[in-house]
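Shown next, in structure tokens, is the structure this report addresses.
The values are calculated or read from the model by the stated rules, or taken from the named source; none is laboratory data. Just so we're clear, the structure is a prediction, and the values are computed from it rather than from any experiment. FYI the Cβ positions are ideal-geometry reconstructions off the backbone, even for glycines, and counts take in every protein chain you see. Remember, those area values only see protein heavy atoms, side chains included, never the ligands or the DNA or RNA. Shrake-Rupley method; radii C 1.70, N 1.55, O 1.52, S 1.80 Å.
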2 protein chains.
Amino acid sequence: MDEFPTAPTTHDLERGAVLAPRFDANGLIAAVAQHAQSGEVLMLAWMNAEALKLTLETGEAHYFSRSRNALWKKGETSGQVQKVAEVRIDCDQDAVLLKVVPQGDGGACHVGFRSCFYRVAEDGSLVEAP
Amino acid sequence: MDEFPTAPTTHDLERGAVLAPRFDANGLIAAVAQHAQSGEVLMLAWMNAEALKLTLETGEAHYFSRSRNALWKKGETSGQVQKVAEVRIDCDQDAVLLKVVPQGDGGACHVGFRSCFYRVAEDGSLVEAP
């Protein structure tokens, strides 16, 4: 698999038309999944170069599991496949934003909530959001 | 400054009412800032324990700059202070979601866009979103 290029200048990195993701020392980049219709932030996960390539090529979200140290197609076991409506990258190309439509039961979180961000910090403790 | 506790069990981590953030080997946790009104994802940044505590205590977003290796109050120089409407944590408490209202010019990105995620990957290249 081809590697992604490295942006030669800051201007290329920030304003260029070349996808030149900056993976960290572990070869990973943070990826935020946002519901394409509701705008709800569903989860934050990690991608290696292969996961990002597969996401771009297949239109379905792939991540890299740090705990399992393995490529991971979202929904492969849960059915919560994420159809990708849009892939964005940030200014310094070290974070990815996916706009997705979750399949299956429409959720994204293994605990059973629609979004992984189901708890709000309030007055020193966590409260499950309605 | 007091440390955050460690969740004793997976159930406490995922369903508990105690904020027990899991900082990485560098002492950092990923933080996504989302516009509290529009739902637009504005940026992804990093927090150390101090940045998270200050964010909770002051109601204004603080981050940790990996490039400058320093605590950073968002907007201190740009004026793009982020008033925090809500702080959320994810299922395994290794990512934070801030719902914020950007002050100043209403933007979040040093390049001049409202959101750092201003480029869309399309057919192998990046296009600035309208």
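Quick check: Cα centre of the range A:79-117 to Cα centre of the range B:58-130, how many Å?
Between the Cα centre of the range A:79-117 and that of the range B:58-130, the gap is 18 Å.
Output, in nm with one decimal and in ascending order, the distances from the B:Gly39 label point to the matching label points of the other copies (7 Å from Cα along Cα-to-Cβ).
Copy-to-copy label distances at B:Gly39, shortest first: 0.6 nm.
Where only protein heavy atoms count, and the probe is 1.4 Å, what is the accessible area per residue for the protein assembly as shown in Å²?
Details: 12370 Å² over 260 residues.
Dividing the accessible area of the protein assembly as shown by its residue count gives 48 Å².
Using a label point 7 angstrom from Cα along Cα-to-C-beta, what distances in nm, from shortest up, separate A:Pro130 from the other copies?
Label-point separations across copies, in nm and ascending: 3.6.
Leaving ligands, DNA and RNA out of it, report the carbon-plus-sulfur percent of the accessible area of the protein assembly as shown at a 1.4 Å probe.
On the way: 5740 of 12370 Å².
Answer for the protein assembly as shown is 46 percent, counting heavy atoms of protein chains only.
How many nanometers, to one decimal and shortest first, lie between the label point of B:Leu71 and those of its other copies, if labels sit 7 Å from Cα toward Cβ?
4.3
Taking just the C-alpha trace of the protein assembly as shown, give me its Rg and Dmax in Å.
Gyration radius and largest Cα-Cα distance of the protein assembly as shown: 17.4, 49 Å.
Tell me the volume per residue, in Å³, of the convex hull enclosing the alpha carbons of the range A:62-111. Each step should come with its number before you reach the end.
Numbers: hull volume 4.6 nm³, N = 50.
Each residue corresponds to 92 Å³ of Cα convex hull volume.
If you line up the long axis of helix B:49-58 against the longest principal axis of chain B, both from Cα atoms, how many degrees apart are they, to the nearest 10?
80
Rounded to whole angstrom, how close does the nearest chain A beta-carbon get to the axis mapping A onto B, and which residue is it?
A:Gly39, 2
If you find the alpha carbon centre of the range B:1-51 and of the range A:1-42, how far apart are they in angstrom?
22
Residues of the range A:100-122 that become at least 30 Å² less accessible with every protein chain present than in their own chain isolated, using 1.4 Å: which are they?
The answer is A:His110, A:Val111, A:Cys116, A:Phe117, A:Arg119, A:Val120, A:Ala121.
Choose one of A:Gly16, A:Gln103, A:Ala51: the residue whose Cα lies farthest towards the positive end of the charge dipole of chain A (beta-carbon charges +1 Lys, Arg; -1 Asp, Glu; about the Cα centre).
A:Gln103
At a probe radius of 1.4 Å, figure out the A/B buried accessible area, summed over both chains, and give it in Å² to the nearest 100. Don't jump to the answer; show the numbers that get you there.
On the way: alone 7950 and 7960 Å², together 12370 Å².
Its buried surface, counting both partners, is about 3500 Å².
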